[in-house]
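The values are calculated or read from the model by the stated rules, or taken from the named source; none is laboratory data. If you're wondering where the values come from, they're calculated on a predicted model, not measured in any experiment. Positions of Cβ are backbone-derived with ideal geometry, glycine not excepted, and every protein chain shown enters the neighbour counts. In case anyone asks, the SASA skips ligands and DNA or RNA and just uses the protein heavy atoms, side chains included. Shrake-Rupley method; radii C 1.70, N 1.55, O 1.52, S 1.80 Å.
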Amino acid sequence: MREPTIADITPLAFCIQTDDLFDFKNFQSSFGDYLLLRERDQEFEEFLIGIKRRLSLGATQQEFLEGYKAVLIRNLDKIMSLVEGRYSSMDKKTVDTINTTIKQLIRKILVAEDFQKIQELETTFRRNVMLQVYSLFLKSIK
C-alpha cells in the first residue's frame, strides 16, 4: 500500500467537513467556543457572542440559512467533481451512485425551510456518500 498524498485525501476531507456541517446543532452550540471560552479573546468576543446569540434564536436563524445552504451545496458540488475525476475510471457504478445521491441531497437542501430539515440529511450523506468515498479512497491507495 502506498502513502496517500494530500491530493488523494481531498475528496475524503471534503466529505468529513461536509458531514460536520450537516450537524447544525453541534455547529450552533460550539460556534466560536475556542475563542470565547478557552482563549477569552477580547478582540473577537463581542462579535462572536452576537453571532452565537443570533444562531440560537429562531427568529434570526433564517438569516444564516441561505448562506449555510450555499456552503453545503458548494461542498457537495466539489465532492461530485473530485469523486468523478479521481474514481470514475476505477468504479464508475459507485461514482454514479454517489453523484445521484448528492444531487438528491442538493434538491432537498434547496427547499429546506429550516436547519432541522438539513440536519435530517446527515445520515443519508454519511451512509451513501461519505462511506462510499472512503471505500473508493481505500481502493485507490492499494
Q: Of the conditions (1) under 18 Å from Asp8 (Cβ atoms); (2) at pLDDT 95 or above, Ile102 clears all except one; give me its number.
A: (1)
Q: Name, by its number, the condition in (1) open to solvent by 40 Å² or more (accessible area, probe 1.4 Å); (2) modelled with pLDDT of 95 or more; (3) more than 18 Å from the chain's Cα centre (by Cα) that does not hold for Gly58.
A: (2)
**Q.** Matching entry among Met80, Met1 (being touching a Lys or Arg at 6+ places or on another chain (Cβ under 7 Å) and farther than 13 Å from Ile118 by Cβ)
**A.** Met1
(Q) With the requirement that a residue be open to solvent by 50 Å² or more (accessible area, probe 1.4 Å), modelled with pLDDT of 95 or more and of a type in the set (D, E, K, R), what does region 1-19 give you? (A) none
Q) Quick one: is Tyr34 of a type outside the set (Gly, Ala, Ser), open to solvent by 70 Å² or more (accessible area, probe 1.4 Å) and within 22 Å of the chain's Cα centre (by Cα)? A) yes
Q.
Can you confirm whether Lys78 is in contact with a Phe, Trp or Tyr (Cβ under 6 Å, 6 or more places away or on another chain) and surrounded by 12 or more Cβ atoms within 10 Å (Cβ to Cβ)?
A. yes
Q: Name every residue in region 88-98 that is surrounded by 13 or more Cβ atoms within 10 Å (Cβ to Cβ) and either under 19 Å from Gln61 (Cα atoms) or out of contact with any Asp or Glu (no Cβ under 7 Å at 6 or more places or on another chain) (or both), in order of residue number.
A: Ser88, Asp91, Thr94, Asp96, Thr97, Ile98
Q: Give, as residue ranges, the helices (runs of 4 or more DSSP H) completely inside region 1-64 that count at least 2 residues that are out of contact with any helix residue (DSSP H, G or I) (no Cβ under 6 Å at 6 or more places or on another chain) and among the basic types (Lys, Arg).
A: 42-56
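Within region 107-123, restricting attention to residues that are assigned to a helix (DSSP H, G or I) and surrounded by 16 or more Cβ atoms within 10 Å (Cβ to Cβ), which residue is modelled with the lowest pLDDT?
Phe115
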